[in-house]
Structure formats: structure tokens, C-alpha cells
Amino acid sequence: MMVKDKVAIVTGAGRGIGRAIALLMAEHGAKVVVCDYGVSVNGSEPSSGPAEAVVKEIKEKGGEAIAIADDVSNFEAGRRIVQAALDTFGRLDCLVQVAGILRERMIFNMAEDEWDDVIRVHLKGHFNLMKFATGIMRQQGSGSIITFTSVAGLEGSPGQPNYCAAKAGIVGLTCSTALAMSKYNVTVNCIAPSAITRMTGRLAGPAAQAMTDAGEPEDIAPLVVFLCSEQARHVTGQVYTAEGYKIAIWSHPREIRTVSNHERWTPERIAEIFENQLGQDELSRFKRLDIPLPGRATSEFGN
Ligand SMILES: NC(=O)c1ccc[n+]([C@@H]2O[C@H](COP(=O)([O-])OP(=O)(O)OC[C@H]3O[C@@H](n4cnc5c(N)ncnc54)[C@H](O)[C@@H]3O)[C@@H](O)[C@H]2O)c1
């Protein structure tokens, strides 16, 4: 029982990875607020069914849980969900944010609502809950927050500009909140999962190619339980991947080469030193997805 009597909110807990996390948290003794808006992969047709079904499963196994079919992308829902944890269980120890949707489109074809909806559910959704949860955890002097990014947010994915931007934003939010909350004994860590769920089962092209080693949603849950436990009290500001039976830690972006000039740079001077002293750090997915890099310019107009 690694999280016995801890109170945990798990968003997106009605299906897929979130459901597996809610079940394992409960198995390890947590009281779980199962939050899921019950929507389709593109965010439409809400239903309270998935959240209620997971609560039923937890209770049948002797655990404690309540269902909230609320929309994490709504600011006031953040307040309501955190308040429900306090009203029912009296405190809040863990916030695990798994809720998410996809609206794939190439950048030049993307509609404004496809951009806004994905940013709203993932990035603003994380803020909406973390704003209220951190207030409570600061008063308590303890807490564990797990955010969910994607390798697509860390490495890019050509047909998912909205999703990549939201998921990269979540990494920045994780780092900021880890720094802000450390002195209150609150840890904030991020997971980039890979598992076959209804979200990934329908992918095609490069996004599907990136999923070849994916395992099951149940493979992600043990890392979450560990990060929410007292054994991980000192772990914060990290990004981990869980994929099948593999767990990996990601490095933080760091300067890899620097060049300094004795006066302000000119574009001409940058062009002179660029290839030998600064250069590029190629995105790994160019090779992995077999995407050709742009060729060198043959005239001063680049064609
Ligand atoms: N499955 C993977 O391989 C993979 C890879 C990278 C990242 N992720 C991320 O992991 C998370 C879970 O993905 P999954 O594959 O389990 O997806 P899923 O579609 O199986 O489950 C997502 C759940 O989130 C809920 N949800 C969606 N919008 C919501 C909202 N506004 N408010 C509350 N609940 C909402 C849905 O109803 C659904 O039950 C997502 O953030 C996803 O981006 C998954």
C-alpha cells in the first residue's frame, strides 16, 4: 500500500491511462476523485458514464472513490473538482492530470477552434486544477502533482501542432510549479506515456509510426503511484517516459555550444561562423520519421 489514505484527484480517469491510474491508486489505498468528462477523442458528446463506471469498479474492490463528470478546460470546474476532494475526503494529497483530447491537422489547414480546444483541455486544463490544488497543498505543506505531456510535445509531431504546443507548455508549467512549490514540500513531475488506448489506436501515418513500442495503460500506473508515494518525496521537476516495461528519464534542455563575439553580432558575421561554431541540433524525429531536411540554398533567395 504505497499511497494509503492519501486523497488523489485523477483527471481523465474514466478511460485509458487515467482509468488504470485511478484503479492502481485505489488498490494502493488512496481515496480517489475520479474526474472524467466522458467525451469522445475529439472532445465532443460528454457523458458521466465512464467516471461512474470506474468508481463502481473501485468500490467493488473495497476502495473509496467519487465520480465527477466535469470539464477540466473550464476554470470554475478546477475549483469545483478540488472542492469536491476537500468536501468528501477532507484533504488533497495528489493531483494526477491525464485528461486529454486530439484534433489532428497540418498547421496550414488547422482551424482556430481546433487550436483553441486542444490548448484549452490540455494546457489550460492543467492550470485550472493546479491553481486551486497548489493553494490547498501550500496550506497543508505537502502534496504531489503529476502532469502529463507526450513525446510529441518533447520531440514534435508534424500533424499535431496544437497538441505539441499544449504538451510542451505543460513541461514549462511543470518546471515553474516545481520551483514555486518546493519550499512547501510539494513535488511536481511530468510523464510522457506511450500506451495503446482508444486515443492512439486510431492514429495513422507518422504519429502511428512513433507508437511502435507502446504497451498497455496499466504499464503507466506504477510510476504514478511511486511518484505520489512518500518514497518519492524528494523527486521534483522531472520528466519521465513510461512505455511498456520501459521507464526513462529525459534531460532538461541545456545550452550545447556557445559562441561569443567581442562586439554586437551582425547577420553576416553569424553566417561566417555558423557552420563551424554554432550549427544545429537535429530533431531526432526527422530521421525516425524519415522526413527530408531542407536542402541548402543555391541562390541568395533560397531556391
Ligand atoms: N496513449 C498514449 O500513448 C499517449 C501518448 C502520449 C500522451 N498521452 C496522454 O495521456 C493522456 C491520456 O491518454 P489516453 O490515451 O488514456 O486517452 P483516452 O482518450 O483513452 O482517455 C482520455 C480521457 O480524458 C477524458 N477527457 C477528455 N477531455 C476532458 C475534459 N475536458 N475534462 C475531463 N476529462 C476529459 C476523456 O473523456 C477520456 O476518458 C492524455 O493527456 C494524452 O494526451 C497518451
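The values are calculated or read from the model by the stated rules, or taken from the named source; none is laboratory data. Model, not experiment: these values are computed from the prediction. Note: ideal-geometry Cβ built from the backbone for every residue, glycine included; neighbour counts use all protein chains shown. Heads up: the accessible areas ignore ligands, DNA and RNA and are worked out on the full protein's heavy atoms, side chains in. Shrake-Rupley method; radii C 1.70, N 1.55, O 1.52, S 1.80 Å.
May I ask which of K6/K56; K131/K167; K59/K131; K6/K246; K61/K131; K6/K183 have a Cα-Cα span longer than 22 Å here?
Flagged as over cut-off: K59/K131; K6/K246; K61/K131.
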Quiz item: the stretch 31-171: D in µm²/s via Stokes-Einstein (Kirkwood Rh, Cα pairs, 20 °C, 1.002 mPa s)?
Solution: 135
Quiz item: Heavy-atom accessible area per residue, the chain, 1.4 Å probe: how many Å²?
Solution: 51
Self-check item: Dipole-positive endmost among I68, S142, V188 within the stretch 7-249 (Cβ charges, Cα centre)
Solution: S142
Exercise. Note the full-extension length gain between N276 and R254 as 0.36 nm times their separation in residues minus their Cα-Cα distance, in nm to one decimal.
Key: 6.0 nm
Quiz item: Thinking of the stretch 169-303 as a set of Cα atoms, what percent of all their pairs are more than 28 Å apart?
Solution: 44
Quiz item: To the nearest 0.05, what FRET efficiency results for E216 and S284 with a Förster distance of 25 Å applied to their C-beta separation?
Solution: 0.50
Practice problem: Quick one: accessible surface of L179, probe radius 1.4 Å, all protein chains present, in square angstrom to the nearest 10. | Solution: 140
Exercise. Express in Å², to the nearest 10, the accessible area of T258 obtained by rolling a 1.4 Å probe over the protein heavy atoms while all chains stay in place.
Key: 90
Practice problem: Using the Cα centre as the reference, give the magnitude of the dipole from point charges on the C-beta atoms of the stretch 44-200 (Lys, Arg: +1; Asp, Glu: -1; all else neutral), rounded to the nearest 20 debye. | Solution: 540
Practice problem: Go ahead and run the numbers for FRET between A180 and S299, Cβ-Cβ distance against an R0 of 35 Å, rounding to 0.05. | Solution: 0.10
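Using a 1.4 Å probe on the protein heavy atoms, what percent of the accessible area of the stretch 7-249 belongs to carbon and sulfur?
Ligands and nucleic acids excluded, carbon and sulfur reach 53 percent.
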Quiz item: Which shape class applies to the stretch 95-234: rounded if a/c is under 1.5, otherwise prolate when a/b exceeds b/c and oblate if not, where a ≥ b ≥ c are the square roots of the Cα gyration tensor eigenvalues?
Solution: oblate
Quiz item: Tell me, Kirkwood radius of the stretch 135-211 from alpha-carbon pair distances, in Å?
Solution: 13.8
Quiz item: If one takes the longest principal axis of the Cα atoms in the chain, at what angle in degrees, from 0 to 90 and to the nearest 10, does the Cα axis of helix 49-60 lie?
Solution: 50
Quiz prompt | Ellipsoid equivalent to the chain - semi-axes via the Cα gyration tensor, in Å | solution = 38, 22, 18
Quiz prompt | Whole-number percent relative contact order across the chain, with pairs defined as alpha carbons under 8 Å at least 6 apart | solution = 16
Quiz item: Along the three principal axes, how long is the stretch 166-223 when you take its alpha carbons, biggest first, rounded to the nearest angstrom?
Solution: 43, 24, 16
Quiz item: Pick from E243, E275, E45: which is most flexible by mean-square fluctuation in a GNM of the chain where alpha carbon atoms under 10 Å apart are linked?
Solution: E275
